[in-house]
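All remarks here apply to the structure that follows.
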Amino acid sequence: MRTIDWQDGHIVAIDQTQLPAQLVMLQIHTVDELIDAIKRLAIRGAPALGVAGALGVVLADGDQELAQRLMAARPTAVNLVWGVRRVLSRPDAPLAEALAVLEEDVTVNRALSDRGAEWLLEHVGGPVSVQTHCNAGALACVEWGTALGVVRALHERGGLGRVYVDETRPLLQGSRLTAWELAHQGIDHILVADSAGASVIARGMVNAVVVGADRIAANGDVVNKIGTYPLAMAAQRAGIPLVVAAPESTIDAATPTGADVAIEVRDGKEVTHVAGTALAPSGTTALNLAFDVTPAELVTVIVTEDRAVEHGPAAAAAQN
């Protein structure tokens, strides 16, 4: 089953807000329906957003205003804009280009996952116990995954230990989505509170942190789900690698550093409430930053479908 696909002239996608309780498929016929699905995170994950953007241009049927609104649906992840612009560049064959984006996502993410697994087995050895954050699996892509794709590739090679899954507040993409995927794949995993992530690393329970990315700046700064930065600091302190797995389309050469990226701030009710139940006193306000920036010097390697880019002190430490 694909996370997002094109069938009979419209988009079909898993409604990720309904997992793990039930598997619900959305039938999306208009750009407005697609924007709504993206904003409420029914469709999420950088590669999946790129595909959604590409297919959304087909739904827009040449309407530039709709295309602009679609690009603005999520301000931080670069893939959404990338997907829209790629199809807009082919006004002669928008559907063919959008379907090419869809199919390429599968092969691209499988390739980067294999590269990431091979890098870890070479530099860390096996079995590799991994800590991951948010959801960068099949649900964030079309059908394979980026960070969780690396985990799957390690599992295929017999080189995977246990996976420690951060719950990933406030919307619990780790406990709701990543744990759901790993359970279906029969991969040994354990859920940990976000605040325990650094302690998992410090206690030597993992020997690598593997995450995805929503945007990678030209200098190598990585923008990912909020909570990635403290894991990166803990990994450097413990001397274990931080591996960022993302397609080339996530690298934004036009953005010099992570400081130049607009960080999405979402509704504070996502922090103060869970499933409609209040967790804080009435009237409490909350700062709900959706992403953080991990400086390039804390990143050991960025793995894409084409290359593995090692840089900074963290990379040097991994060689020692």
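Laboratory data are not the source of any read-out in this text; all were calculated from the coordinates shown. Nothing here was measured: the structure is a model prediction, and the numbers come from that model. Every residue, glycine among them, receives a Cβ derived from its backbone with ideal geometry; neighbour counts consider all protein chains shown.
Tabulated results
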{"read-out": "Point-to-point label distance, Arg237-Ala100, nm (Cα→Cβ direction, 7 Å offset)", "value": "4.8"}
{"read-out": "GNM top mover of Val57, Val271, Val108 - the chain, alpha-carbon springs below 10 Å", "value": "Val271"}
{"read-out": "Over the chain: helical MRE at 222 nm, DSSP H runs n ≥ 4 each giving -39500 (n - 2.57), nearest 500", "value": "-11000 deg cm²/dmol"}
{"read-out": "Placed amide H near Ile251: partners under 5 Å, 5+ positions off or other chain", "value": "Ile216"}
{"read-out": "Sequence-separation-based contact order of the chain, relative, with Cα cut under 8 Å and 6+ spacing, percent", "value": "16"}
{"read-out": "Top of Gly158, Gly283, Gly149 by mean-square fluctuation, Gaussian network on the chain, Cα under 10 Å", "value": "Gly283"}
{"read-out": "Coil-residue trypsin sites (Lys or Arg not before Pro) of the range 15-120, DSSP, other Cβ within 10 Å capped at 16", "value": "Arg40"}
{"read-out": "Separation of the Asp188 and Lys269 label points, Cα + 7 Å toward Cβ, nm", "value": "4.3"}
{"read-out": "Compactness relative to 2.2 N^0.38 Å, alpha carbon Rg of the chain", "value": "0.95"}
{"read-out": "Contour minus Cα-Cα distance for Arg40 and Ser195 (0.36 nm per residue)", "value": "53.3 nm"}
{"read-out": "The range 4-104: translational diffusion in µm²/s, Stokes-Einstein, Kirkwood Rh over Cα pairs, 10 °C, 1.306 mPa s", "value": "121"}
{"read-out": "Rg ratio (alpha-carbon, reference 2.2 N^0.38 Å) - the range 47-104", "value": "0.96"}
{"read-out": "Kirkwood hydrodynamic radius over Cα pairs of the range 192-320, then Stokes diffusion coefficient at 4 °C and 1.567 mPa s, in µm²/s", "value": "82"}
{"read-out": "Mean Kyte hydropathy of -0.5 or more with a Cα span along the axis of at least 30 Å, helices from DSSP in the chain", "value": "94-123"}
{"read-out": "Rounded if a/c under 1.5, otherwise prolate or oblate - the range 82-157, Cα gyration tensor axes", "value": "prolate"}
